[in-house]
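K.L.:
The structure's right below; bear with me while I get my questions together.
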Amino acid sequence: MYHRYLNKIALLVVAFLATITPSNAETLDVTLDDCIRIALSDNPSIIVADMEIQRVDYSKKEVLGQLFPQVNFTANYNRTLAKQTMVMMDQEFKVGTDNQHSVGFQGSLPIIVPALWKSIKLSDNQILQHIEMARSSRLSLVNQVKNAYYALLLARDSKRVIEANHQTALFTAEMFKKQFEIGVATEYDATRARVAATTLEPSILDAENSITALKLQLKVLMGMDTSIDIEPVETLDSYKTMMYENALNVDTSLVNNTNIKQLDLQTDYLKQALKVQKMSWFPTLTGNINYMWNSMSNGSPFKNFNWNPYSQASLALSWNLFSGGQRYYKQKEAEIAVREMQWQRENLTRSLSSQVETQINTMKSNLKQIESNAASVALAEKSDHIIQESFKLGVGTFLQLQDSQNALLGARLSYYQAIYNLLVSQSDLELVLGNAPLSKYGVNPETIKTQK
């Protein structure tokens, strides 16, 4: 009874502790490369893509198994319900036995199978297709992680800018309050200054909510425990030098584009399938061997066994000479499918080239926008400093001060937005070109194998 009471208390304590949220939750400082590396290792979509490669590899081995001998064990029992009757010179004779037992082994070996030989090439192509699909999944994931990370940096920098403006507004409101108390400023100016400060508070809360949501999105992409907090160690300004280099050194070749590569592999698959179809016109030769034991008896099926072995070997030649034109039309159908893929590739290349040109033009526009916004920030800071000094001397008005602070806030936010737009454009262009440096994150794009 005493032990049962202690167990109940222990269960209540454990349940209570489980509901407590730790105040010092684990925080992981990450860079963009860290996020990409973790995502490429732990994201479920990548794991599934790698498992698909392994599955198709097993499928290829299954096809190869058809080239090896097939051995079967067979057993058969027949019970005669009514024996056959033979009539000879007006006399009837019952023929046969009550029980027939048969056990043994049957083996077959494909000797000439042209269609099966070509089918092995199809399996090789399927593996290559799934390897490219796995690479495509990685490229897409890198793009998603980058865009989510850049969005998080934008939200953090925006929050920092708004908070700085909010602190300035609070200082101004406090100054007006003191001036109003000594009769230097009007109540209207003091009230307007306080309203200007409180107006920024909802924007700070919105920025905090955006940061929380973007962190959660990034952790989901990384495939990590959402209870672990992450904190980027970079800012948008950290990419200022690198983004100019990336924008000026762009390789616009589509040789690594994953859509084109997958289309080429699909075209090669159809060509191989066409060869398999052509092989159906050729004969097949199969070798067979049987080694059996037979027993025939009357009465009970469980006794009076009399086993007699026998064996035989044979060659089976099969040549389909006519099938109503099915093979001919299947071959024509496969030839048209190959030509269709060639036209699709041409159309896809044109579309992708247009996307690349559009992205490059967007990046050039973003670079100009960054330069323009940087100049605007410098002018806004200078203007705000002048107004601040004028206001301290009693020359400037509250409206001038508020306008300068709002202009500075808008200029800084636009500056960071322009950097974000350029980084996203570069990431999207990298996805189209398919030239993300996967090897940088420990992935060999040429020999992607599953390690899960």
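K.L.:
Would you confirm, using the coordinates I've provided, whether A316 is touching a Gly at 6+ places or on another chain (Cβ under 8 Å) and surrounded by fewer than 14 Cβ atoms within 10 Å (Cβ to Cβ)?
P.N.:
Against the criterion (touching a Gly at 6+ places or on another chain (Cβ under 8 Å) and surrounded by fewer than 14 Cβ atoms within 10 Å (Cβ to Cβ)), A316 qualifies.
K.L.:
Just checking, does the stretch 282-296 include any residue being over 19 Å from K118 (Cβ atoms), in contact with a Leu (Cβ under 8 Å, 6 or more places away or on another chain) and loosely packed, with under 12 Cβ neighbours inside 10 Å?
P.N.:
No, there is no match, as no residue in the stretch 282-296 is over 19 Å from K118 (Cβ atoms), in contact with a Leu (Cβ under 8 Å, 6 or more places away or on another chain) and loosely packed, with under 12 Cβ neighbours inside 10 Å.
K.L.:
I'm trying to understand the selection: among the residues of the stretch 130-159, which are touching a Lys or Arg at 6+ places or on another chain (Cβ under 9 Å) and not aliphatic (A, V, I, L, M)?
P.N.:
H130, E132, R135, S136, D157, S158
K.L.:
Quick check: is even one residue across the stretch 316-327 of a type in the set (A, V, I, L, M) and in a loop (DSSP other than H, G, I, E, B)?
P.N.:
Checked against the condition, which is being of a type in the set (A, V, I, L, M) and in a loop (DSSP other than H, G, I, E, B), the stretch 316-327 yields at least one hit.
K.L.:
Could you tell me which of the residues I336, I360 is free of Cβ contacts under 8 Å to residues at least 12 places away in the same chain, in a helix (DSSP H, G or I) and among the aliphatic types (A, V, I, L, M)? Before the answer, list the steps.
P.N.:
Numbers: I360 fails: free of Cβ contacts under 8 Å to residues at least 12 places away in the same chain.
After applying the criteria, what remains is I336.
All of the numbers you see were taken from the coordinates with simple rules; none came from a lab. Quantities reported herein were computed from a predicted structural model and do not represent experimental measurements. Here the Cβ is made from the backbone with ideal geometry for all residues, glycine too, and neighbour counts use every protein chain on show.
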